[in-house]
Amino acid sequence: MPFILVFRPHQRRAWAEKFDDEQEVVRLWLNGMYNSGCGCRPGEASSLDYDGAIEDLGHDMSRLTRLDNAEECQRYLTDPDYAGRHNKGLDDVISRARSLGWVDEDEEDLE
């Protein structure tokens, strides 16, 4: 099942990416995709699975937020208190949600 990860670093702008499944996260993480953006080092991880990848990806983040469906995404976009108020990367989330069909293409930006 596809999902969106919202990378929310401490002192940089948040961004979001969509994934087809958890194995895609692991594959990209192992290939060094996040070395510069997250400061991740897969070779130092204790486990080479999704949980290990998420632990490593999130170690330098203020938050790492996973959105699994349209309803959860809509709540993230419209409820300021859901998943915290700070650095939510709403533009990226909207873009990824539209590509998954979770937000209508014609719908105005929710910010």
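A short reminder: the numbers here are calculations on the coordinates, not readings from a lab. Just so it is clear, the model here is predicted, and its values are computed rather than measured. Every residue, glycine among them, receives a Cβ derived from its backbone with ideal geometry; neighbour counts consider all protein chains shown.
Read phi for every residue in segment 55-71 and hand back ³J(HN,Hα) as whole Hz from Karplus 6.51 cos²θ - 1.76 cosθ + 1.60, θ = phi - 60°, with x for Gly and Pro.
4, 5, 4, x, 5, 10, 10, 5, 8, 10, 10, 9, 10, 9, 7, 4, 5
Around Phe19, what is the net charge, scoring Lys/Arg as +1 and Asp/Glu as -1 over all other residues with Cβ under 14 Å from its Cβ?
Every neighbour counted, the sum reads -3.
Which value in nm describes the separation of the simple spin-label points at Asp20 and Arg66, placed 7 Å from the Cα toward the beta carbon?
Spacing of the two 7 Å Cα→Cβ label points: 1.9 nm.
Once label points are set 7 Å from the Cα along Cα→Cβ at both Ser95 and Asp49, what is their separation, rounded to one decimal in nm?
3.3
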